[in-house]
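Pasting a structure here, questions to come.
Quick note: the coordinates plus some simple rules give every number you see, no bench work behind them. This structure is a prediction, so every number in the text was calculated from the model and none was measured. Glycine also receives a Cβ, built like all others from the backbone with ideal geometry; neighbour counts cover every protein chain displayed.
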Amino acid sequence: MKCDKCNREAVIFQKYSSAHLCKDHFIEDVERKIKRDIRKYRMVEKGDTIAIALSGGKDSSALLYILHKLFNNRQDIHLVAISIDEGIHGYRDKTLKRARALTEKLEVPHVIKSFEDAFGDSLDDLLTGGKACSVCGVLRKNLLNKTARENCATKLGLGHNLDDETQTILMNYLRADIDRMMRMIPNNRQTGLVPRIKPLRSIPEKEIALYTYLHDSPLDVDRCPYAPDALRNDVRSLLNDYETAHPGTKYALLKGFEKIIESLKQTHTITPVKKCTECGEPSGRSNICKTCQLLKKPSN
Ligand code: SF4
């Protein structure tokens, strides 16, 4: 198959746009969409220090690579990578090795924080029947936010791709959780957390994988031994089946969500985020944050 734009060999057929693209035009297409979203949602502004949550997986590695490519020459924008070592035996050590190699190659400052140092135990040791991903998600969010703040970050960049974003939208619809939907607005500043940005939100997961592969990044073959939660798995399969049968479904869902959010902004006010009475961190709708509830002791 030949590229629709230059007649060179195509590396991808995008079913949703019916386009065949060669390596250069594919990379250009991915980066164009990312730049468009960064501008549209003012994800990056003059003077920003962007902390990138870097797990070492394909999405966060692609995010660091692209933000470095776009902003490395800007004197007024600073990047710092933050990796969280949850303490997952046989898994996180491998992804952290890749994260370290990338930050060294790009010469981006890299901060690594562990659950063990921050909370006294690794994830493996903390799990006593609780769902791994729920515990991990709560503690990682807390530690990422604190570390971003300690490093004077004005934005926290997450490598969420189109698949992650549409799964979360659908899960929030299924739970009828309007507050969470409102908090998904890119660059939302009302959460009490360092504002989170998701520059990859319009790029399908498979395209991120191809983008990293074309940049000679090592393949992301390691998988966390703790299974992702059941609802997300079901939603992922459902959306992938729909996308196969009806290409463009994920983009339609994302666009529909953006229209709904515009209407909701007129009628719905996000419930103000409380501060945890134990540790002072943002605690959502409760008086005690989920981290303190999980650890059952005041955090520092
Ligand atoms: Fe944590 Fe679950 Fe992700 Fe594993 S799969 S790193 S336990 S959130």
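Give me ARG149, ARG223 sorted ascending by neighbouring Cβ count inside 10 Å, so fewest comes first. All intermediate terms of the calculation are to be shown ahead of the outcome.
Values: ARG149 15, ARG223 10.
Starting with the residue having the fewest Cβ neighbours, the order is ARG223, ARG149.
Moving on to the next point. Exposure proxy check: MET1, MET43, MET182 ranked by fewest other beta carbons within 10 Å?
Listing MET1, MET43, MET182 from fewest to most nearby Cβ atoms yields MET1, MET182, MET43.
Using θ = phi - 60° and the Karplus relation 6.51 cos²θ - 1.76 cosθ + 1.60, list the HN-Hα couplings for segment 13-18 in order, rounded to whole Hz, with x at every Gly or Pro.
Each residue of segment 13-18 in turn: 10, 8, 4, 5, 10, 6 Hz.
By a straight-distance test (C-alpha under 24 Å), which lysines pair with LYS97 as possible cross-link partners, with residues fewer than eight away in the same chain excluded?
Straight-line reach from LYS97, under 24 Å: LYS58, LYS69, LYS105, LYS113, LYS141, LYS146, LYS198, LYS206.
Would you please classify the overall shape of segment 71-220 from the alpha carbon gyration tensor, given that a ≥ b ≥ c denote the square roots of the eigenvalues, rounded means a/c under 1.5, and beyond that prolate means a/b larger than b/c while oblate covers the rest?
Verdict is rounded for segment 71-220.
Once you keep just the Cα pairs under 8 angstrom separated by 6 or more residues, what percentage relative contact order results for the chain?
18
Another question, then. With θ set to phi - 60° and the Karplus curve 6.51 cos²θ - 1.76 cosθ + 1.60, what are the ³J(HN,Hα) couplings of segment 176-182 in order, to the nearest whole Hz, using x for Gly and Pro?
6, 9, 5, 4, 5, 4, 4
Report the normalised scattering of the chain as log10 I(q)/I(0) at q = 0.15 Å⁻¹, calculated by the Debye formula with identical scatterers on the alpha carbons.
-1.39
Here's something else I'd like to know. I want to verify the translational diffusion coefficient of segment 4-60 in µm²/s; compute it with Stokes-Einstein, Rh as the Kirkwood radius over Cα pairs, at 20 °C and 1.002 mPa s.
156
What does a probe at VAL273 reach in segment 45-67, counting residues whose amide N is under 16 Å from the point 7 Å along Cα→Cβ?
51, 53
Let me ask something else. Looking at segment 53-105, which trypsin sites (Lys or Arg not before Pro) are DSSP coil and have at most 12 other C-beta atoms within 10 Å of their C-beta?
Values: sites: LYS58, LYS69, ARG74, ARG92, LYS94, LYS97, ARG98, ARG100, LYS105; in loops: ARG74.
Here the sparse-neighbourhood loop sites are ARG74.
Can you classify segment 226-299 as rounded, prolate or oblate using the Cα gyration tensor, where a ≥ b ≥ c are the square roots of its eigenvalues, rounded means a/c under 1.5, and otherwise it's prolate if a/b beats b/c and oblate if not?
Oblate, since a/c reaches 1.5 and b/c is not below a/b.
Find which of ALA101, GLY157, LEU21 sits farthest along the positive direction of the dipole of the chain, computed with +1 on the beta-carbon of Lys and Arg, -1 on that of Asp and Glu, about the Cα centre.
GLY157
From the phi angles alone, apply the Karplus equation (6.51, -1.76, 1.60; θ = phi - 60°) to segment 28-39 and give each ³J(HN,Hα) in whole Hz, x where the residue is Gly or Pro.
Here the 3J(HN,Hα) series is 4, 5, 4, 5, 5, 5, 5, 4, 4, 5, 4, 5 Hz.
So what is the calculated 222 nm ellipticity per residue for the chain, using -39500 (n - 2.57) for each DSSP H run with n of 4 or more, over all residues, to the nearest 500 deg cm²/dmol?
Rounded to the nearest 500, the figure is -15000 deg cm²/dmol.
Give the calculated FRET efficiency between LYS259 and SER134 to the nearest 0.05, with a Förster radius of 41 Å applied to their Cβ-Cβ distance.
0.85
Write out the GluC sites (Glu not before Pro) in segment 70-142 meeting two conditions: DSSP loop, and at most 15 other Cβ atoms within 10 Å of their Cβ.
On the way: sites: GLU86, GLU104, GLU107, GLU116; in loops: GLU86, GLU107.
Passing sites in segment 70-142 are GLU107.
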